[in-house]
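The values are calculated or read from the model by the stated rules, or taken from the named source; none is laboratory data. Everything numeric in this text was worked out from a predicted model, so none of it was measured. For neighbour counting, all protein chains shown are included, and Cβ atoms are generated from backbone atoms with ideal geometry for every residue, glycine included. Side chains included, ligands, DNA and RNA excluded: accessible areas come from the protein's heavy atoms. Shrake-Rupley method; radii C 1.70, N 1.55, O 1.52, S 1.80 Å.
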Amino acid sequence: MRILVCVKRVPLTGGKMVLTADEQALETRHLGFTISPHEECGVEEAVKLVEAHGGEVSVLTLGPAEAEEQIRDSLANGGDRGVHLVTDSEEWDAQATAAAIVAAVHADEGTGGAYDLIVFGNESADAGNYQVGIRVAYALGRPVATGLKGLSVADGRARCEQEVPGGRDIYELPLPAVVSVLEGINLPRYPSVPAKLRARSKPVESSSPERPAPQLEKVRLVVPPGQGKQAEVLGTGPEAARRVVEIMREIGVA
Amino acid sequence: MTVLALVEHDGGSPDELSLQALALARDLGGPLHALAVGGPVTGLGAYGVETLHLVEDDRLAAYAPAAWAACLEQLVDQLQPSAVVAAGTNRGNEALAHLAARRDLPFAANVIGVGGDGTVTRVRWGGSLLEEARIDSDLKLLTAAPHMVEAATVNGGEAAVQPLDPELSDADLVVRVVEHAETPSAGISLAEAKVVVSGGRGVGSADGFGMLEELAGLLNAAVGCSRVVTMAGWRPHTDQVGQTGTKVAPDLYIACGISGATQHIAGCKGAKKILAINSDAEAPILSNADYAVIGDLAEIVPAITAELRKAQSS
Ligand SMILES: Cc1cc2nc3c(=O)[nH]c(=O)nc-3n(C[C@H](O)[C@H](O)[C@H](O)COP(=O)(O)OP(=O)(O)OC[C@H]3O[C@@H](n4cnc5c(N)ncnc54)[C@H](O)[C@@H]3O)c2cc1C
Ligand SMILES: Nc1ncnc2c1ncn2[C@@H]1O[C@H](COP(=O)(O)O)[C@@H](O)[C@H]1O
């Protein structure tokens, strides 16, 4: 199977959200970067499928030059090759992101053959647009199922499981198909040191698409009110237990 | 101009999150029309719906996202609305993303408010950050972020019902639910529990959760955890609270050995009260909590359990 996984570089924010002075982005000077847990699970799911059925996992990101770090991380977790659509640091909206991914898929499939499966996160960690995968599926004319907590492939079909109240809904998609997955579909592996070393020499192809004008245009970011209250300290150590139980009674839970 | 809303329902009674979406749709002005698949859905007039377009079609007996979008698209052609609104649920977001892809239009997911000039405020990072954005198109597609807008009734009569006969292509029905597997519910559901006892890295091991379970048992509580805990394999992902886990809204959330990363808080800020038990008096969780106990949770949690037992037996 040929599988493509799409991942997005995002800052690993800590205990609070701090904006840049122009309110256009998070202040990331002191932050590390990562991808969404959904996408980590997407990589793991693709790697497991290829381990079972043979084939190759490609990992694509649209992001700044530094986003090669997230490609390499995914390659350390079992991806075989990277596709880096390099941007300046400006954010792309979902329509533009999808269009760039579609163009890259067309180019890639022209040389390497069709992807049986293109895997997305259910939503990106930062923007949470809930749509890039669906747009890509339409542009390629392929079926798409979202929010998956279970996935298996047999006889040219993907069996897709979604958690719904009280149980699971099952979909059967003919391949080639597009899916988006949720954290919990698997437990991603930790990369070994040799795997990290091998990832450094795996191939990453890069190109630089043009950013079209956004149609969902960010005006500014706002930190929601409520951040920064201060807890009443009930005590230190086990002696505080009595006060805790008093509070539980006050609020009617004990 | 008309506004069109997608209403999800359970056997004819509208979902709370769809009623919230109707409130957001009303803020856009204009006569409100709704689409429901299956039905009939009752009581929508009280939420401002003038006309309910009802699809009753065997082909849609099972959920099919592209077909739902096709129904919306048909109504868009018919009514020429200024906006299409749905709830920010799995299906609401999915149906609108399909519609957006079919029309190549922008789509703003999880909106909490609309401005006069085509601007919206929407949530990012699972609610830890807000974005003001401009939707650059005549037809605005958006979903309402759950529990951020209140459902509101108006003095309206019953909505007029118009059957909609959907024109569906084969492609619209390729992806549909072919099977539903029931899973028996086990214990108190995390999402609905009145009290949640939650543990993070500070709990130290899978075994360490034994003392949290004991406390939870006395409080009729569900046990939750942070992502560090699920990644370590100490608890299943179904216990994870946060942006990529479950969102909880209990009366009391007890965070034991959890630092309070924004992605964790995104899942528990709906709690009425938060009690943090942490050895670090500077941990970020303290600026999101109502109460705190500073110290080693391995001593504090059993002490609370013992105190509670005493109180409950007296
Ligand atoms: C896109 C994205 C999505 C994410 N989604 C989620 C999510 O859904 N849920 C989630 O939880 N995380 C999520 N995370 C991860 C999140 O950023 C944090 O890494 C995680 O929440 C930290 O877990 P923790 O608080 O258990 O661990 P830590 O941050 O390591 O904190 C451990 C805490 O325990 C305290 N402690 C240690 N020992 C003791 C002791 N003996 N007694 C008392 N206190 C003690 C320490 O002082 C510290 O405050 C996400 C991250 C990203 C990037
Ligand atoms: N810049 C990007 N590069 C690669 N993949 C992306 C990018 N943005 C979004 N995606 C993919 O699309 C999914 C859904 O994103 P969104 O529609 O923004 O919520 C993400 O989980 C990723 O798999």
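General observations
- Peptides A:152-159, A:163-170 ordered by average Cβ neighbours within 10 Å, highest first: A:163-170, A:152-159
- Comparing the protein assembly as shown with the 2.2 N^0.38 Å rule of thumb, its C-alpha radius of gyration ratio is 0.98 (two decimals).
- Whole-percent pair-distance distribution, where bins are 10 Å wide, for the alpha carbons of region B:1-126: 13, 49, 34, 5, 0
- Selection from A:P37, B:G199, A:V204, by position along the positive dipole direction of the protein assembly as shown (Cβ): B:G199
- Chain A, relative contact order [Cα under 8 Å, separation at least 6], %: 24 percent
- Exercise: per-residue mean of other protein chain Cβ atoms within 10 Å, B:298-305: 5
- Taken over region B:211-269, the convex hull of the Cα atoms encloses 80 Å³ per residue.
- Gain in span if fully extended, A:S89 to A:K229, counting 0.36 nm per residue against the direct Cα distance: 47.1 nm
- Average partner coverage of B:115-125, which counts Cβ from other chains inside 10 Å: 4
- Each peptide among B:125-133, B:233-241, A:47-55 gets the average number of other Cβ atoms lying within 10 Å of its residues, and from highest to lowest they stand as B:125-133, B:233-241, A:47-55.
- Once the Cα atoms are used to define both axes, helix B:90-103 deviates from the longest principal axis of chain B by about 40 degrees.
- Taking label positions 7 Å along the Cα-Cβ direction at both B:Q78 and A:R249, the computed distance is 6.2 nm, reported to one decimal.
- The angle between the Cα long axis of helix B:16-27 and the longest principal axis of the Cα atoms of chain B comes to about 60 degrees, rounded to the nearest 10.
- Partners of B:K273 within straight-line reach, counting lysines whose Cα lies under 22 Å from its Cα and excluding those fewer than 8 residues away in the same chain: A:K16, A:K229, B:K194, B:K247.
- Across peptide B:222-233, the average count of Cβ atoms from other chains found within 10 Å of a residue's Cβ is 1.
- Extent along the principal axes, Cα only, for region B:201-314: 41, 28, 25 Å, with the longest axis given first.
- By the compact-protein rule of thumb, 2.2 N^0.38 Å, the alpha-carbon radius of gyration of region A:6-58 corresponds to a ratio of 1.61.
- Take the Cα of A:K16, go 7 Å toward its beta carbon, and the backbone nitrogen atoms of region B:281-296 under 16 Å from that spot belong to B:281-290.
- Shown is the FRET efficiency for B:A311 and B:S185, computed with R0 = 35 Å from the Cβ-Cβ distance and rounded to the nearest 0.05: 0.70.
- Computed E for B:D136/B:E213 - FRET, C-beta separation, R0 45 angstrom, nearest 0.05: 0.30
- Order by protection proxy (mean Cβ within 10 Å, highest first), peptides A:178-191, B:5-18, A:203-216: A:178-191, B:5-18, A:203-216
- Loop-resident GluC sites (Glu not before Pro) (DSSP state other than H, G, I, E or B) in region B:185-290 with no more than 13 further Cβ atoms inside 10 Å of their Cβ: B:E282.
- Exposure of A:R242 as accessible area (Å², to 10), given a probe of 1.4 Å and all protein chains: 150 Å²
- The 3J(HN,Hα) values that the Karplus relation (6.51, -1.76, 1.60; θ = phi - 60°) gives for region A:91-103 are, in residue order, 7, 9, 6, 5, 5, 5, 4, 4, 4, 5, 5, 4, 4 Hz. Gly and Pro appear as x.
- Mean projected area in nm² (Cα convex hull; one quarter of hull surface) for chain A: 18.4 nm²
- A:H106 accessible area, assembled protein chains, probe 1.4 Å, Å²: 110 Å²
- Förster radius 30 Å - calculated FRET efficiency between B:A281 and B:N220, Cβ distance, rounded to 0.05: 0.50
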